[in-house]
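A.B. asks: Attaching a single structure in C-alpha cells format; questions to follow.
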Amino acid sequence: MENLFRLVDQDQGFFQRKWTLVNGPLIVGAGPSGLATAACLREQGVPSVVLERAECIASLWQKRAYDRLKLHLPKQFCQLPKVPFPEDFPEYPTKKQFIEYLESYAKRFDINPKFNECVQSARYDETSGFWRVKTVRGSNKAEFEYICRWLVVATGENAESVVPDIDGLADFGGEVIHASEYKSGEKFKGQNVLVVGCGNSGMEVSLDLANHNASPSMVVRSSVHVLPREVLGKSTFELAVLMMKWLPLWLVDMILLILAWLLLGNIEKYGLKRPLMGPLELKNSKGKTPVLDIGALEKIKSGDIQVVPGIKRFSRGRVELVNGEKLDVDSVVLATGYRSNVPAWLQ
C-alpha cells in the first residue's frame, strides 16, 4: 500500500514523496545474484521486491558487454539455483545465450523487478528495526521510499566503470571509451588502438581488435597471471576446484603455474611478468582474478598485439610511455575495471 509520505517545497513547486512497506526482503539489483535470491525466496514461500536501476535485468550483460563475450567458466559453475543451463548450450555460453537463460529464469519464477529505480540511500533505523531505502524512479526522478525488515544488496562488484585520471588524455583528440562501451573491433579496422589494462577484458578486447584487423597495443603496468582456459580438455577452474578438495592452496598454485608454463611457455619474455604470489592466493587475498587465455597470447607472440609499459602522458594523437617510447594512436579503450557503488548509498 502506497501512502503520501510528505510534501517537500522545491524551487519548481511541490511534489509528492511516497512510501511503501515491503512484505518480505527488498533486493537491490536484478542481475544473476538478485534473480537467484528472489527465486530461492519464492521457493520457500517468501515474497520479495527487486529493484533495478536499468530498464532490464542483467544490465551489465545487456548494455555493457562486448559482442564476443562468453562465460569464462564452464556453464555448470555459472548456472543459477534450481535451473541448469539447457543441454544444447555449449560449455561456455555466449552473451546472447546467457541473457536468454536469465530472462527465462526470471519468467519461470515470476520475478518482476521494479525497473528504473535507482537507490539513493539505505539506512537502518535502530528504533523501529526497519531499513529505509530511498530511490528516484523514472525519467522524472520522482522520489520514493521503501521500508523493509530485510535488505539484500545484489548489485555486484561491477556497478561503476573505473576511469583513471591520465595526464593529457583530455587533449588526445581521438575516441576514448571504457571497455563497458566497447562492442566490436569492426569500427576500429585499420586503426592503432591503445588498450589500457591487461585483465580478462583488456586481453579479450585486444584479441577482438586484432581479429578485426586493427593494431592494438596493450598497456601492462603491473604483473599478471595468465592461465590456459583449459588443460587437456578440462577447465582450469574445474581442475583447481577439484585439487582444492585434497591439496593445500600453495600446492595447487604451484601445480597451476607448472601447467601454465608447460602449455603457454615463458610469458615474461613478452612483457607479461607474473606476480610473486600464486594465482589462487592472489585472488583470495587481493581479489585479483587471473586471466584465462582464449587466444590473446598467441596474438601477442605473433606480434599482432603489442605489449607496452605504463603511460606517462597523452598528447594530440600520441601517447608517451614510461620508457620514453612514443606511439601514434587513433583510439583508446580503457579496460581499467569496475567498482561497487554500494559505499555511496549504503549507510
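A.B. asks: Provide a single number: the residues in the stretch 18-62 that are without any contact (Cβ under 8 Å) to a residue 24 or more places away in the chain and either outside any loop (DSSP other than H, G, I, E, B) or of a type in the set (Lys, Arg) (or both). Walk me through it before giving the result.
C.D. replies: Within the stretch 18-62, the first condition is being without any contact (Cβ under 8 Å) to a residue 24 or more places away in the chain, and the residues that meet it are 41, 44-46.
Subsequent filtering for residues that are either outside any loop (DSSP other than H, G, I, E, B) or of a type in the set (Lys, Arg) (or both) retains 41.
Qualifying residue count, the stretch 18-62: 1.
A.B. asks: Restricting the search to the stretch 250-275, which residues are among the hydrophobic types (A, V, I, L, M, F, W, C) and either surrounded by 14 or more Cβ atoms within 10 Å (Cβ to Cβ) or touching a residue at least 40 places away in the same chain (Cβ under 8 Å) (or both)? Break it down stepwise before answering.
C.D. replies: If we filter the stretch 250-275 for residues that are among the hydrophobic types (A, V, I, L, M, F, W, C), which is where we start, we get 250-252, 254-264, 267, 272.
Matches in the stretch 250-275: 252, 255, 256, 257, 259, 260, 263, 264, 267, 272.
A.B. asks: From 187, 134, which residue is free of Cβ contacts under 8 Å to residues at least 24 places away in the same chain and closer than 30 Å to residue 20 by Cα?
C.D. replies: On the way: 187 fails: closer than 30 Å to residue 20 by Cα.
After applying the criteria, what remains is 134.
A.B. asks: Hey, any hits in the stretch 313-333 for a residue that's open to solvent by less than 40 Å² (accessible area, probe 1.4 Å), within 23 Å of the chain's Cα centre (by Cα) and not polar (S, T, N, Q)? Lay out the reasoning, then the answer.
C.D. replies: Start the filter on the stretch 313-333 by keeping residues that are open to solvent by less than 40 Å² (accessible area, probe 1.4 Å), which leaves 314, 317, 319-321, 327, 329, 331-333.
Narrowing the set further to residues that are within 23 Å of the chain's Cα centre (by Cα) leaves 331-333.
Narrowing the set further to residues that are not polar (S, T, N, Q) leaves 332-333.
Looking through the stretch 313-333, at least one residue is open to solvent by less than 40 Å² (accessible area, probe 1.4 Å), within 23 Å of the chain's Cα centre (by Cα) and not polar (S, T, N, Q).
A.B. asks: OK, next. Does at least one position in the stretch 42-52 carry a residue that is in contact with a Gly (Cβ under 9 Å, 6 or more places away or on another chain), open to solvent by 50 Å² or more (accessible area, probe 1.4 Å) and among the β-branched types (Val, Ile, Thr)? Walk me through it before giving the result.
C.D. replies: Filtering the stretch 42-52 down to residues in contact with a Gly (Cβ under 9 Å, 6 or more places away or on another chain) leaves 46-52.
With open to solvent by 50 Å² or more (accessible area, probe 1.4 Å) added as a condition, the list becomes 46-47.
Okay, now just the ones that are also among the β-branched types (Val, Ile, Thr), so 46.
For the stretch 42-52, residues in contact with a Gly (Cβ under 9 Å, 6 or more places away or on another chain), open to solvent by 50 Å² or more (accessible area, probe 1.4 Å) and among the β-branched types (Val, Ile, Thr): present.
A.B. asks: For the stretch 125-189, please list each of the strands (runs of 3 or more DSSP E) lying entirely inside it that holds at least 3 residues being over 20 Å from residue 48 (Cβ atoms) and of a type outside the set (Gly, Ala, Ser). Write out each step before concluding.
C.D. replies: Values: elements: 130-137, 142-148, 151-153, 175-178.
Those strands (runs of 3 or more DSSP E) span 175-178.
A.B. asks: Another one. Mind listing just one residue for me: the one in the stretch 87-123 that is closer than 23 Å to residue 241 by Cβ and part of a loop (DSSP other than H, G, I, E, B) and, of those, farthest from the chain's Cα centre (by Cα)?
C.D. replies: Going through the qualifying residues, I end up with 87.
A.B. asks: I need every pair where a residue in the stretch 85-111 that is on the phi > 0 side of the Ramachandran plot has its Cβ under 7 Å from the Cβ of a residue that is assigned to a helix (DSSP H, G or I), sequence separation at least 6 or different chains.
C.D. replies: Filtered contacts from the stretch 85-111: no entries.
A.B. asks: Tell me, which helices (runs of 4 or more DSSP H) lie completely within the stretch 255-347 with 3 or more residues that are touching a helix residue (DSSP H, G or I) at 6+ places or on another chain (Cβ under 9 Å) and either more than 17 Å from residue 207 (Cα to Cα) or at pLDDT below 95 (or both)? Write out each step before concluding.
C.D. replies: Values: elements: 279-286, 296-302, 342-345.
Result: 279-286.
The values are calculated or read from the model by the stated rules, or taken from the named source; none is laboratory data. None of these values were measured; they are calculated from a predicted model. Heads up, the Cβs are rebuilt from the backbone with ideal geometry, glycines too, and the neighbour counts pull from every protein chain shown. Areas reflect the complete protein model, heavy atoms only, side chains present, ligands, DNA and RNA absent. Shrake-Rupley method; radii C 1.70, N 1.55, O 1.52, S 1.80 Å.
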